[in-house]
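Written below as structure tokens is the structure these notes are about.
Throughout, read-outs are computed from the coordinates displayed, never taken from laboratory work. Being a predicted model, the structure only gives us computed values, none of them experimental. Note that we place each Cβ from the backbone using ideal geometry, even for glycine, and neighbour counts take in every protein chain shown.
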Amino acid sequence: MMIEPREARYQWGQAVVALEDLLNDGSHPEHAPDAVIVETGSEGRIVQIGHHESSNQPVYMVEFGERVVGCMEEEIMLLAELHEMIDEARGASSRPAVQGSVAP
């Protein structure tokens, strides 16, 4: 029986934020093993989505500045979702309007 690949939660092109420090697993030889290559809170954009066969999980290739890093879903969050959580915690009316936009 073949197991269907788990559906990816996020899509190509979406803006995300790192939920934890992302460490070098050896795929970035210019950095020491286990060195922090992306810090918690760094913003990036999904540029490709793959699949990790043995764990049946999507793997997101995320561009953080000039570095592309493979991320699992639990390591990233949509930037828009983070902003929504912040708005809810503060109360939506306390967030300042961005220039060129209309405050909610």
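With a 10 Å Cβ neighbour count serving as the proxy for reagent exposure, in which order, fewest first, do Tyr10, Tyr60 appear?
Tyr10, Tyr60
Using a 10 Å cut-off around each Cβ, can you sort Glu75, Glu7 from fewest to most neighbouring Cβ atoms?
Taking fewest neighbouring Cβ atoms as first place, the list is Glu7, Glu75.
Run the helix sum for the chain: -39,500 (n - 2.57) per DSSP H stretch of 4+ residues, divided by residue count, reported at 222 nm to the nearest 500 deg cm²/dmol.
-3500 deg cm²/dmol
Mind checking the full-extension length gain between Val36 and Glu7? Use 0.36 nm per residue of separation minus the Cα-Cα distance, one decimal, nm.
7.6 nm
Could you tell me which label, among (1) 128; (2) 115; (3) 138, carries the value of volume of the Cα convex hull per residue in Å³ calculated for this structure?
Given (1) 128; (2) 115; (3) 138, the calculated one carries the label (3).
Report the charge-dipole magnitude of region 15-92 in Debye, nearest 20, computed about the Cα centre from +1 at each Lys and Arg Cβ and -1 at each Asp and Glu Cβ.
My answer is approximately 180 debye.
Pairs of Cα atoms under 8 Å, at least six residues apart: use those to get the relative contact order of the chain, whole percent.
24 percent
Could you list the residues of region 68-90 with an amide nitrogen less than 13 Å from a label point located 7 Å from the Cα of Glu20 in the Cα-to-C-beta direction?
Zone members listed by number: 71-77.
May I ask you to sort His28, His52 by Cβ crowding, counting other Cβ atoms within 10 Å and putting the fewest first?
Taking fewest neighbouring Cβ atoms as first place, the list is His52, His28.
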